[in-house]
1. On a C-alpha basis, how far is the centre of region 1-43 from the centre of region 44-66 in Å? Whole number, if you could?
2. Counting Lys and Arg as +1 and Asp and Glu as -1, what is the net charge of the other residues whose Cβ lies under 9 Å from the Cβ of I81?
3. Can you bin region 21-68 into rounded, prolate or oblate? Criterion: square roots of the alpha carbon gyration tensor eigenvalues sorted a ≥ b ≥ c, rounded for a/c under 1.5, prolate for a/b above b/c, oblate for the rest.
4. Based solely on its DSSP helices, what 222 nm [θ] is calculated for the chain when runs of n ≥ 4 H residues each add -39,500 (n - 2.57) and the sum is averaged over all residues, nearest 500 deg cm²/dmol?
5. Determine the equivalent ellipsoid of the chain by diagonalising the alpha-carbon gyration tensor, then write out the semi-axes as square roots of 5 times the eigenvalues, largest first, rounded to whole Å.
6. If we count every other residue with Cβ under 11 angstrom of Y41's Cβ, Lys/Arg +1 and Asp/Glu -1, where does the sum land?
Amino acid sequence: MGLNSRVLDITLDTTLFGKILGGGKKVISTDVNQYWTRTLYEENGRKRQYDLVRTRNSSTNSQWMDVKFKGIRKRGDKYTISLGRVLVYTNI
């Protein structure tokens, strides 16, 4: 991804981070609330477009990965963020 990539930054707990890194988890679910609505949607209600999701391991900021962003869905009181393949993994 280039310098102009649109990045969604998310900090994850260690278990979820590991599942995504290992390929066993392809979605991130989060509650519908004001923070996530502002993060995922424009003021006019249109979905924001991201190129990738940058996740950090909550137990250590030295582990992070970039994952292909595939889309957003609202299901009841949850948002689901669909993920593609891991593009970059770093453990500094």
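Each value in this text was obtained by applying a stated rule to the coordinates, not by laboratory testing. All values reported here derive from a predicted model rather than from experimental measurement. Reconstructed Cβ throughout: ideal geometry from the backbone, glycine too, with neighbour counts over all protein chains shown.
1. Spelled out, the Cα-based centre of one part sits 5 Å from the other.
2. Numbers: positive: K70, R73; negative: none.
Result for the neighbourhood of I81: +2.
3. Details: a/c = 2.11, a/b = 1.86, b/c = 1.14.
The shape class here is prolate.
4. -4000 deg cm²/dmol
5. 22, 15, 12
6. Working: positive: R38, R46, K47, R48, K74; negative: E42, E43.
So the environment of Y41 carries a net charge of +3.
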